[in-house]
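Heads up, the thing below is written out as C-alpha cells.
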Amino acid sequence: MRRLIPATLITLFVLGMFYPFISGYVHARFGKQEDRSALIGQWVGLVQLQPLEGQHQPPSEEHGAAIMTITFKPAMLSYLSKLQGTAEMTDYEYHVKGMETSGFMTPFNPQEGHFSVRTEGTKGDAALTGTLEGRFNKGTLTITAFRTPQFYITGILRRGDNASYQQRVNEMKNMPTTPAQGDTHGR
C-alpha cells in the first residue's frame, strides 16, 4: 500500500503535466468545427510572383504566375491555437518548389483574422524561405505579403484538395504570364 500511493501520485503528476498538450491536440483535430481554426485544411489558388523592387500589384484572379497549395494542421504536442503548414508552388515554367512553416499561433477569432509566419524552403531550395503574411475569412485565404529571397508573392487561395491543385496547374498553360503593356492592374 505504501508503494501504491507514491506511484499513483507520480502518475497523476505526469498526466497533469501532459494534459494541456494532449487535450489541445485532440480538440484541435476532432473538436467542433466552429471552435477550430478556419485555417486548418488545404488551400489552393493563384499567386503572383513579382520582383522584390518596384510597385507590387494586389492579388488578382485574372493574372498569375503560379499555382500554390498550402495545408495547415495542428502542431503535434501543442496547444489548440498552434498550427504548422506545408506548401507547394508550381510556376508558369512548371518548376515545383516546396516549403514548410514553423509553428505559429492563430488569431483569437477561429473563423477570421490575420497571421504572420516564417517559412523554410524544402530540399535545400531557399526560393520560398521568408515571411508569409496573410488573412483568412472562412473560405478565403489571402496572401497579403510573402517576401522571399527571389520574389514578392501575393494571391488568393480557396478551400481545395490535391485534385483541384493539379487541375489548376493544368489550366495554367492558358494563363498570361505578364500583364499587357501599360496595364497597371495585370489584366
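Below is a table of values for the structure above.
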| item | result |
| --- | --- |
| Where GLY130 falls short, out of the listed (1) crowded, with 16+ Cβ neighbours inside 10 Å; (2) among the small types (Gly, Ala, Ser); (3) modelled with pLDDT under 90 | (3) |
| Members of segment 108-124 found to be exposed (fewer than 14 other Cβ atoms within 10 Å of the Cβ) and not in a strand (DSSP E or B), listed by number | PHE108, ASN109, LYS123, GLY124 |
| Matching option when the condition is of a type outside the set (Ser, Thr, Tyr), at positive phi and at pLDDT below 70, among GLY113, GLY64, GLY54 | GLY54 |
| Matching residues in segment 95-107 - criterion: being touching a residue at least 24 places away in the same chain (Cβ under 8 Å) and either open to solvent by 90 Å² or more (accessible area, probe 1.4 Å) or in a strand (DSSP E or B) (or both) | LYS97, GLY98, MET99, THR101, MET105 |
| Flag if ALA145 is open to solvent by less than 10 Å² (accessible area, probe 1.4 Å) and modelled with pLDDT under 90 | no |
| Qualifying residue in segment 78-91 (condition: of a type in the set (S, T, N, Q), farther than 24 Å from THR101 by Cα, at pLDDT below 65 and not in a strand (DSSP E or B)) | no |
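The values are calculated or read from the model by the stated rules, or taken from the named source; none is laboratory data. The model shown is predicted, which means the values in this text are computed figures rather than measured ones. Every residue, glycine among them, receives a Cβ derived from its backbone with ideal geometry; neighbour counts consider all protein chains shown. Ligands, DNA and RNA are excluded from the accessible area calculation, which covers all protein heavy atoms including side chains. Shrake-Rupley method; radii C 1.70, N 1.55, O 1.52, S 1.80 Å.
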